[in-house]
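Trainee: My questions will all concern the structure given below.
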Amino acid sequence: PDEDLAAYFAEVVDAEQKIEPRDWMPDAYRRTLIRQIAQHAHSEIIGMQPEGNWISRAPSLKRKAILLAKVQDEAGHGLYLYAAAETLGISRDELVQLLLDGRQKYSSIFNYPTVSWADVGAIGWLVDGAAIVNQVPLCRCSYGPYARAMIRVCKEESFHQRQGYEILHTLAHGTPEQHAMAQDAVDRWWYPSLAMFGPPDGNSTHSAQSMAWKIKRFSNDDLRQRFVDMCVQQAEILGVRIPDAELRWNDERQAYDYTQPDYDELMRVISGDGPCNRERMAHRRAAHADGQWVREAAAAYAAKRAGQKET
Ligand code: ACO
């Protein structure tokens, strides 16, 4: 009976064990996971665009090879995550269609432009840094396939963060013009990176339930604080300034006080009205349409092979 199944589900979650695809789970748990994992997968795919912009203009062959590898990793993360979502009973085709129809979201951060090479450094340091802070706890998520996917994703994200940090370090220790480029990029990416963690806890629709289910392990504000605390020392070593006049150590809280990002701006970007939302979606739709013949050819080939096996 259903009560036994629900009790077993609660027991597994409480005991820090994993829920697996064939286990019974509440419908709302399944829906929340599909929403979050799909949003995460879409973010990886859309996230290829801002940096893809710089592959052909990277300042050296080595930088180009590294950036190319990084952007390919993101495609891999997207496919990995779509596969994790598929274990919940929805197909990748359906998820992609929901993105293209504007019915599922992707991270706000990828709606900001990459106007200089230093932006590639700032994205690695701040955006991938924020992604790691957010995703390491997801390795302990109660849903097995998502938790396991996150282990590899986080390892690769660490490499991405280091490459960004190294780009910024090189620029910040270069000519005055290069230092100014690095600082300008940090000035533009700091607050959007803080906003990536989502609305403040009081306005976070899903946090309480997702934490009770052990999908999320920390609240949006707790992770945001952790990120700020981590960045301060790294900024000093980099030789760049975090653009926040209110940033200071609070001995009582044993954490830095800081200025919150503009959450109205976050809501505008999430609802489709950020600097690059239209461009990102138009590009994704065009890429999807351009790939139609590949999907058809792959399907025809698979059908032919299946036919051959039967005879
Ligand atoms: N960008 C876009 N949408 C967001 C963002 C954001 N930065 N933050 C919150 N939202 C949306 C939520 O999806 C939710 O909308 P919905 O109800 O229509 O789905 C709404 O705002 C309210 O937010 P929360 O209730 O706090 O949502 P949630 O509990 O899902 O927490 C969070 C948001 C922290 C992003 C969570 O979904 C998460 O940890 N996701 C996995 C990580 C991820 O997606 N990272 C993508 C970027 S990192 C990268 O790819 C490099």
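Each value in this text was obtained by applying a stated rule to the coordinates, not by laboratory testing. The structure presented is a predicted model; accordingly, all values stated were derived computationally and were not measured. Positions of Cβ are backbone-derived with ideal geometry, glycine not excepted, and every protein chain shown enters the neighbour counts.
Trainee: When only residues in the stretch 205-246 that are away from the ligand (no atom under 14 Å from the Cβ) and among the charged types (D, E, K, R) count, which is surrounded by the fewest Cβ atoms within 10 Å (Cβ to Cβ)?
Mentor: Within the stretch 205-246, the first condition is being away from the ligand (no atom under 14 Å from the Cβ), and the residues that meet it are 228-246.
Okay, now just the ones that are also among the charged types (D, E, K, R), so 229, 236, 241, 244, 246.
Working: 229: 15, 236: 11, 241: 13, 244: 17, 246: 9.
Per the stated criteria, the residue is 246.
Trainee: Within the stretch 187-195, can one find any residue that is within 17 Å of residue 235 (Cβ to Cβ) and more than 21 Å from the chain's Cα centre (by Cα)?
Mentor: Within the stretch 187-195, the subset within 17 Å of residue 235 (Cβ to Cβ) is 187-194.
Narrowing the set further to residues that are more than 21 Å from the chain's Cα centre (by Cα) leaves none.
No.
Trainee: Could I ask something else about it? State which residue is surrounded by the fewest Cβ atoms within 10 Å (Cβ to Cβ) when the search covers only the stretch 73-131 and only residues that are farther than 24 Å from residue 225 by Cα and β-branched (Val, Ile, Thr).
Mentor: Once the filter is applied, the top-ranked residue is 115.
Trainee: Moving to a separate point now. Of everything in the stretch 22-42 that's farther than 13 Å from residue 107 by Cα and of a type outside the set (D, E, K, R), which residue is nearest to the ligand (Cβ to nearest atom)?
Mentor: Per the criteria, the residue is 32.
Trainee: Mind listing just one residue for me: the one in the stretch 168-204 that is assigned to a helix (DSSP H, G or I), in contact (Cβ under 8 Å) with a residue 40 or more places away in the chain and within 16 Å of the ligand (Cβ to nearest atom) and, of those, surrounded by the fewest Cβ atoms within 10 Å (Cβ to Cβ)?
Mentor: Top of the filtered list is 203.
Trainee: Answer with yes or no whether residue 29 is aromatic (Phe, Trp, Tyr) and buried (at least 18 other Cβ atoms within 10 Å of the Cβ). Give the derivation first.
Mentor: Working: aromatic (Phe, Trp, Tyr): yes; buried (at least 18 other Cβ atoms within 10 Å of the Cβ): yes.
Here the answer is yes, as residue 29 does meet what is asked.
Trainee: Which of the residues that make up the stretch 135-148 are within 11 Å of the ligand (Cβ to nearest atom), part of a helix (DSSP H, G or I) and in contact with a Leu (Cβ under 9 Å, 6 or more places away or on another chain)?
Mentor: Across the stretch 135-148, the qualifying residues are 137, 146.
Trainee: Being assigned to a helix (DSSP H, G or I) and within 16 Å of the ligand (Cβ to nearest atom) is true for just one of 66, 90, 45. Which residue is that?
Mentor: Working: 66 fails: within 16 Å of the ligand (Cβ to nearest atom); 90 fails: assigned to a helix (DSSP H, G or I).
One residue alone meets the criteria, 45.
Trainee: Turning to a different aspect of this structure: Give the residues of the stretch 60-118 that are of a type in the set (Gly, Ala, Ser) and farther than 30 Å from residue 267 by Cβ, sorted by residue number.
Mentor: Taking the stretch 60-118 as the starting set, the residues that turn out to be of a type in the set (Gly, Ala, Ser) are 60, 65, 69, 75-76, 78, 83-85, 89, 91, 102, 107-108, 116, 118.
60, 65, 69, 76, 83, 89, 91, listed by residue number.
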